[in-house]
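A.B. asks: For reference, the structure I am asking about is given below.
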Amino acid sequence: MIVHSACDVSIKLLNWLMLVYISTELGNLSNATQFFLMDCLLEGPLPSELGRIRSLRSLHLQGNQKISGTIPAEFAALGSDGVLQNFNITGTSITGELPESVCKVNDNCPKNRTLDEPEPCMGLNFDCSPSKLCGCGCTCATESRGSNISHGAA
C-alpha cells in the first residue's frame, strides 16, 4: 500500500484557528510503505505511533517548519529493522540527538542503487546543527553555531 498525500492529515479547530498535525491514526496503517507529507504546513510533534509501521520504507516530512519535538523512541525499530530507506526531516524544527538506530537508515539502502528507481533510496536527510539537531555524523555541541549541512546517504 502506498499512501501519497496532498496533506491528508487530521484537522483540529482550536480558538477559531485551524491547526494541522500528523494524526496518530496513521500508525494504524500497518501495511503503509510510503508517506509523502512535504511542505504541508504541518505542526506539532511526530506521533510515536508512526514507529509501529514496520512496512514503512519512506517518510518524507521536509519543509514542514513547525514539526517540532524530538524523534520518538518508537522510531528506533524503523531504522534498525532494515526496511526504512528514506527519512527526510530537512526544514523541520525537530531537535535533539538522533537515535543511533535512526542513523542506520543509510545502511538500509542497497549498495548498487540508482536514482532512476521509482522511489530511489536516499537514506536519512536532516539539517545538521550542533546546537539543535545532531547525531548520525553531525557532532553535538552546546555552541550556538550550526553548520546547516544536509546529511544523506553516501
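A.B. asks: Quick one: ALA76 ticks every box in (1) modelled with pLDDT under 90; (2) in contact with a Cys (Cβ under 6 Å, 6 or more places away or on another chain) except a single one, so which number is it?
C.D. replies: (2) is the only condition that ALA76 fails.
A.B. asks: Conditions: (1) at pLDDT 90 or above; (2) of a type outside the set (Ser, Thr, Tyr); (3) over 20 Å from ASN28 (Cα atoms). LEU61 meets all but one. Number of the miss?
C.D. replies: That leaves (3) as the condition not met.
A.B. asks: Let me ask you something else. Quick one: count up the residues across region 28-38 that are assigned to a loop (DSSP other than H, G, I, E, B) and more than 13 Å from the chain's Cα centre (by Cα). Don't jump to the end; show me each part of the working.
C.D. replies: If we filter region 28-38 for residues that are assigned to a loop (DSSP other than H, G, I, E, B), which is where we start, we get 29-33, 37-38.
If we keep only those that are more than 13 Å from the chain's Cα centre (by Cα) as well, we get 29-33.
The total comes to 5.
A.B. asks: Whether any residue in region 82-104 is at pLDDT below 90, of a type in the set (A, V, I, L, M) and within 11 Å of the chain's Cα centre (by Cα) is what I want to check.
C.D. replies: For region 82-104, residues at pLDDT below 90, of a type in the set (A, V, I, L, M) and within 11 Å of the chain's Cα centre (by Cα): absent.
A.B. asks: Let me ask you something else. Can you give me the ranges of the strands (runs of 3 or more DSSP E) entirely in region 47-102 with at least 1 residues that are in contact with a strand residue (DSSP E or B) (Cβ under 8 Å, 6 or more places away or on another chain) and aromatic (Phe, Trp, Tyr)?
C.D. replies: Answer list for region 47-102: 86-88.
A.B. asks: Now for a separate question. If SER101 satisfies every condition in (1) touching a Ser or Thr at 6+ places or on another chain (Cβ under 7 Å); (2) closer than 22 Å to VAL20 by Cα but one, which is the exception?
C.D. replies: Condition (2) is where SER101 drops out.
A.B. asks: Sticking with this one: Can you name every residue in region 105-154 that is in a loop (DSSP other than H, G, I, E, B), under 24 Å from ALA76 (Cβ atoms) and modelled with pLDDT of 75 or more?
C.D. replies: The answer is CYS109, PRO110, CYS121, MET122, PRO130, SER131, LYS132, CYS136, GLY137, THR139, CYS140, ALA141.
The values are calculated or read from the model by the stated rules, or taken from the named source; none is laboratory data. Note that the coordinates shown come from a computational prediction; the quantities given were computed from them, not determined experimentally. Ideal geometry is used to build each Cβ from the backbone, glycine not excepted, and the neighbour counts take in all protein chains shown.
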